[in-house]
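Structure record follows, encoded as structure tokens.
The values are calculated or read from the model by the stated rules, or taken from the named source; none is laboratory data. Nothing here was measured: the structure is a model prediction, and the numbers come from that model. Quick reminder, even Gly has a Cβ in these numbers, built from the backbone with ideal geometry, and neighbours come from all protein chains shown. Just the protein is used for accessible areas: all its heavy atoms, side chains included, with ligands, DNA and RNA removed. Shrake-Rupley method; radii C 1.70, N 1.55, O 1.52, S 1.80 Å.
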Amino acid sequence: MPFIKVSGISQEKLCEIGDKLIDIINYDIDVPRERIKLYHLPMVEIRDGEEVTDKTVNIEVDWLPRPQELCDKLAQLYKEFFNSLGYTKVRIYISEISKERNYDYK
């Protein structure tokens, strides 16, 4: 159940490349595609009362606990992918979701 949240690029660009981001987790990390969720976060960093425009792509991945090697692999794959698109500043945050504190009401 990885939740991939991306900011620092437009929603249109994320729609364009979203399938590839999902493919990386699906094929390279071996997570079933139907369990992966992708979100655009229109976050803007503010520093000293001004918008920061350093063109950093921020990727947050929230998922159930995984081995460190898998987290390292995912971070490297995402870095390489965004670098191949011309983005040089990429930050990746990987957080663990507690199964006990995950509530899904249907």
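Values as computed for the structure displayed
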read-out	value
Test for Glu100: is it at pLDDT 95 or above and open to solvent by 90 Å² or more (accessible area, probe 1.4 Å)	no
Contacts under 8 angstrom Cβ, first residue in the stretch 60-71 being aromatic (Phe, Trp, Tyr), partner surrounded by 13 or more Cβ atoms within 10 Å (Cβ to Cβ) and in a strand (DSSP E or B), 6 or more apart	Trp63/Phe3; Trp63/Ile94
Top-ranked residue in the stretch 87-97 [being in contact with a Leu (Cβ under 9 Å, 6 or more places away or on another chain) and open to solvent by 50 Å² or more (accessible area, probe 1.4 Å); ranked as nearest to Gly8 (Cα to Cα)]	Ile94
Matching option when the condition is under 17 Å from Arg91 (Cα atoms) and either at pLDDT 95 or above or not small (Gly, Ala, Ser) (or both), among Lys5, Lys37, Lys20	Lys5
Condition met for Lys20 (touching a residue at least 60 places away in the same chain (Cβ under 8 Å) and not β-branched (Val, Ile, Thr))	yes
